[in-house]
Amino acid sequence: MRVDLYLPGFAPHDAISNHTLQVRRVLREAGYGSHIWAEHILGNLGREARPYQEDSPLPGEHRLLIYQMSTGSAMAGWLRSRARAGEELLGHYHNITPASYFARWEPHIALAMDNARQELYMLAPHTALSFADSAYNEEELVDCGYERTLECPILVDLEEYHRPPDRATLDRLRRRREGTQWLFVGRVAPNKCQHDIVGAFAVYRRVFDPNAHLTLVGGGTSPNYLAAVQRLIGELDLGDSVEILGGVGDAELLAHWAVADVFVCLSEHEGFCVPVLEAMELGVPVVAYGAAAVPETLGGAGVVLDDKDPLEVAKAVDRACRPGPARDHLIRAGRERAAIFSLANTSKALLAGIEGYLAG
């Protein structure tokens, strides 16, 4: 039997793409045939996936189709037609950012997100079972009409974060290390609220540590929002104390994690937030705004704020960075929480969900 996997975009260093590779591994190890099909295949991943337009079932073949739902795609209509033709469609929902966050900055992206949300509704009657990365995502699925859902976290190989970091990057970062090192990892986008991080960081430098440094890592989704964040950095006279990087390689990212004192997340919309999991695994205390799925992912292992007032954020970061029992507790609790999301645990949960569906 085959269980094939479908996703709109298949790209290097992408959490959903990495998840899909891990799902294929789990299925193959369990004895199932499994192939990856995508609409857009980027980088050197052509050997791992094929264009979905080339997919056609073999006569008499029994297979499941699992769609990784996170953005709009012509693939959604194609999968609906496959379900109408009698194939069994499952889903895995990684969340779709509400269009309202992009309406001001990139109207065309907002329109695409609205379309993606409509596709989510469209597939509900044709999806026999849908997994969700979090209870937050699962609630959205139910609201969209999905009758059978199951919570199952995204598959992340946390052992990959214990490989050696890029030596040149690490040496550069250590040479500049004087003050507290803030880090946020995530695409530059309005829902991620990098502008709030910059505002809180400016207060932190004036009140607690004038030598502090902030690094924002992640490719840009909205050029207009990125330009606004850059203007804010200039208006707050932060100079070169803030570094905005695009997408970086895995080893280079590990170097930034290695020098980070705190991970600050003030995002307002996350369906899971893999970088929070990365921070906990690597022993970097997390200070986060308690929105969407972030408190659920943290599970009490970080500092969760109900207010993004810059001074309150700065105070929380100061407490998290100050050496002592409180910081030690955050590091220990984070690592214990991350262990719950080990690849062995999440792989087992996903396979149990698929085989439970087949048995039913």
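Rule-based calculations on the coordinates, nothing more; no lab input. In this text the structure is predicted, and so the values were computed from the model without any measurement. Backbone-built Cβ (ideal geometry, glycine too); neighbour counts: all protein chains shown.
Side notes on the structure shown:
- Modelled spin labels at HIS162 and ASN115, positioned 7 Å past Cα toward Cβ, are 4.4 nm from each other.
- The distance between label points at ASP143 and HIS62 comes to 3.8 nm (points 7 Å beyond Cα on the Cα→Cβ vector).
- Charge dipole (the range 54-164, unit charges on Cβ, about Cα centre) - positive-most of THR97, LEU79, PRO153: LEU79
- Cβ crowding within 10 Å, taken as a proxy for footprinting-reagent exposure, orders LYS308, LYS348 from fewest neighbours to most as LYS348, LYS308.
- Amide H contacts under 5 Å for VAL242, placed H, 5+ residues apart: LEU214
- A straight chain from ARG174 to SER342 at 0.36 nm per residue would run longer than the Cα-Cα distance by 57.5 nm.
- Listed by Cβ neighbour count within 10 Å, with the fewest neighbours leading, GLU178, GLU252, GLU243, GLU270 appear as GLU178, GLU243, GLU252, GLU270.
- For the chain, built as a Gaussian network whose Cα springs stay under 10 Å, the top-fluctuating residue of LEU158, LEU42, LEU21: LEU42
- Counting only DSSP H runs of at least 4 residues, each contributing -39500 (n - 2.57), and dividing by the residue count of the chain, the helix-based mean residue ellipticity at 222 nm comes to -13500 deg cm²/dmol.
- Phi angles across the range 298-304 convert, under the Karplus curve 6.51 cos²θ - 1.76 cosθ + 1.60 with θ = phi - 60°, into 3J(HN,Hα) values of 5, x, x, 9, x, 8, 10 Hz, Gly and Pro given as x.
- Using the Cβ-Cβ distance between GLU48 and ARG187 with R0 = 25 Å, the FRET efficiency computed as 1/(1 + (r/R0)^6) comes to roughly 0.65.
- Extreme residue, positive dipole direction of the chain, given options ALA228, SER241, GLY271 (C-beta unit charges): SER241
- Between the alpha-carbon centres of the range 291-331 and the range 245-276 there is a gap of 15 Å.
- Globularity index of the range 91-233 is 1.35 (Cα radius of gyration / 2.2 N^0.38 Å, N = number of residues).
- FRET efficiency for LEU232 and ASN211, using Cβ-Cβ distance with R0 set to 22 Å, rounded to 0.05: 0.60
- Exposure proxy ranking, count of Cβ atoms within 10 Å, fewest first, for SER347, SER267, SER342: SER342, SER347, SER267
- The eigenvalues of the Cα gyration tensor, multiplied by 5 and square-rooted, give the range 249-322 an equivalent ellipsoid with semi-axes of 19, 16, 10 Å from largest to smallest.
- Helix axis angle, 325-340 relative to the chain longest principal axis, alpha carbon, degrees: 10
- Calculated FRET efficiency for the pair ARG104/ASP240, C-beta based, R₀ 41 Å, to 0.05: 0.90
- For LEU64, the amide hydrogen comes within under 5 Å of the amide hydrogens of ARG2, VAL3, ASP4, counting only partners 5 or more places away or on other chains and with H modelled in the peptide plane.
- Unit charges on C-beta of K, R, D, E only; dipole of the range 159-340, Debye: 420
- Between helix 15-29 and the chain: long-axis angle, C-alpha atoms, 0 to 90°, nearest 10: 50
- Label-to-label distance for ALA359 and MET1 is 1.2 nm, based on points extended 7 Å past Cα in the beta-carbon direction.
- Taking every alpha-carbon pair in the range 1-70 and binning the separations at 10 Å intervals from zero gives 21, 55, 22, 1 percent.
- The angle separating the long axis of helix 167-176 from the principal Cα axis of greatest extent in the chain is about 30 degrees.
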